[in-house]
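Visitor: Here's a structure for you.
The values are calculated or read from the model by the stated rules, or taken from the named source; none is laboratory data. These figures come from a predicted structure and were not determined experimentally. Cβ placement follows ideal geometry from the backbone for every residue including glycine, while neighbour counts extend to all protein chains displayed.
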Amino acid sequence: MEIKVPELAESITEGTVASWLKQPGDQVEKGEAIVELETDKVNIEVPSDEAGILSEVMAAEGDTVRVGETIAIITAGGEAAQQAATTPAPEQKEAPVAQEAKKEQPAPVAATEATSVADRPIASPAARKMAREKGIDLAQVATQDPLGRIRVQDVATFEVAPREQAKAPQAPAPQATPSAAPGKPEERIKMSRRRKTIANRLVEVQQTAAMLTTFNEIDMSAVMSLRKRRQEKFVKDNEVKLGFMSFFTKAAVAALKKMPYLNAEIQGDEIVLKKFYDIGIAVSAPDGLVVPVVRDADKKNFGEIEKDIINLAVKARDNKLGLSDLTGGTFTITNGGTFGSLMSTPILNGPQVAILGMHAINLRPVAIDAERMENRPMMYVALSYDHRIVDGKEAVTFLKHIKDLLEDPESLIFEA
């Protein structure tokens, strides 16, 4: 039985083999996970649909694999026993590079034979196998992989049009940058697929959206007073604490209802206005910030929102967020104040067209009237928006409405 990369999500077409949970020759039970795949959003475990022996793996850890691609073979019954007897033990895979070098020597790839193992092109095991079988010199194969790794599809493309590919410049493999101070200690860490995706999307948003940011400040006295008065009863009724994020979530929903173009996205030449309010909340995860989604925030009370946020934060910390937790948000809130940020310019979480940034609360002198100054707990807030569909007037009005609601938090009962 072939183990194939399953359908991951509508927007995800490939993943990276994070780790093999079983090795060739291992017994596999029906439904038991055999490999963990890392995608742009989450890690998923791929189970076997049948019991048997894992007789072959067709992708190494770190390889990029596409949806529908066969990555392993499970053999059942007597055939499994025979296959298991001839399958190398996992320990034999300790030095795959050396073994591959020996196997490749007879192959008609003169350029590869003449080079040392260290100088060989970077390629996946499946790509090397195909190249050996077809007598293709990997040094002549171009690749579009950002890390310069040659993949199966690159070899297949070269086989169809080798002349055209030979003329095309090969994507250079990443080379070590000369150190400015020779002999100084440094460490190189390979970026995870998720980290690379975050980096690429942040750059993409900067290049495609007409992003602007507007700022305001909020006197948090009323919210802090309300939390203090109601905290004990809130905890008793909901078994969670009343935090600031539920106030901002409800205020954002109320403002989005008044300014619907901030709860939208651009699709081609159309503006899609969302008539629902799925609010993304940025939380910390092992590989950086992720944005799980509080669904139907307009229909939930403060207690339900706080519970959702806590549950999502725990799942993010434990790396257990699913695709359903991370997709489909219509607006995002991020709280740099958690890390002490006083002010920042949040970057859009595409394809959304607006994001609200919260910051640290600090006592600052505020003019109460013409004659009085008082120290008040103040927070700077920032709204980044896509100027292609959101005008400055709408953005400023949106942020001002959030300010007004939070400085009179009882009004959230009637608006959100």
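Visitor: Within region 377-405, can you find the residues that are within 31 Å of the chain's Cα centre (by Cα) and farther than 18 Å from residue 336 by Cα?
Guide: Passing the criteria: 386, 387, 388, 389, 390, 391, 392, 394, 395, 396, 398.
Residues are listed down the side, and each one gets a yes or a no for (1) hydroxyl-bearing (Ser, Thr, Tyr); (2) within 25 Å of the chain's Cα centre (by Cα); (3) at pLDDT below 70:
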| position | (1), (2), (3) |
| --- | --- |
| 137 | no, no, no |
| 143 | yes, yes, no |
| 175 | no, no, yes |
| 195 | no, yes, no |
| 207 | no, yes, no |
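Visitor: To continue, here is another question. What number of residues in region 345-376 are part of a loop (DSSP other than H, G, I, E, B) and either in contact with a helix residue (DSSP H, G or I) (Cβ under 9 Å, 6 or more places away or on another chain) or not acidic (Asp, Glu) (or both)? First the steps, then the outcome.
Guide: Filtering region 345-376 down to residues part of a loop (DSSP other than H, G, I, E, B) leaves 345-353, 359-360, 368-372.
In the following step, the residues that additionally are either in contact with a helix residue (DSSP H, G or I) (Cβ under 9 Å, 6 or more places away or on another chain) or not acidic (Asp, Glu) (or both) were identified as 345-353, 359-360, 368, 370, 372.
Number of matching residues: 14.
Visitor: What is the one condition in (1) closer than 18 Å to residue 413 by Cα; (2) surrounded by 13 or more Cβ atoms within 10 Å (Cβ to Cβ); (3) in contact with a helix residue (DSSP H, G or I) (Cβ under 7 Å, 6 or more places away or on another chain) that residue 258 does not satisfy?
Guide: Condition not satisfied by residue 258: (2).
Visitor: Among the listed residues 15, 68, which satisfies the condition of being assigned to a loop (DSSP other than H, G, I, E, B), at pLDDT 50 or above and within 34 Å of the chain's Cα centre (by Cα)?
Guide: On inspection, the qualifying residue turns out to be 68.
Visitor: Another question about this same structure. Let me confirm something: among 266, 279, 218, which residue is among the β-branched types (Val, Ile, Thr) and more than 20 Å from residue 345 (Cα to Cα)?
Guide: Working: 279 fails: more than 20 Å from residue 345 (Cα to Cα); 218 fails: more than 20 Å from residue 345 (Cα to Cα).
Testing whether each residue is among the β-branched types (Val, Ile, Thr) and more than 20 Å from residue 345 (Cα to Cα) leaves just 266.
Visitor: Look at residue 256 and say whether it is within 26 Å of the chain's Cα centre (by Cα) and in the same structural domain as residue 360 (by TED's automatic domain parsing).
Guide: yes
Visitor: Output yes when any residue across region 256-265 is touching a Ser or Thr at 6+ places or on another chain (Cβ under 6 Å) and either touching a residue at least 40 places away in the same chain (Cβ under 8 Å) or at positive phi (or both), and no when none is.
Guide: Within region 256-265, one or more residues are touching a Ser or Thr at 6+ places or on another chain (Cβ under 6 Å) and either touching a residue at least 40 places away in the same chain (Cβ under 8 Å) or at positive phi (or both).
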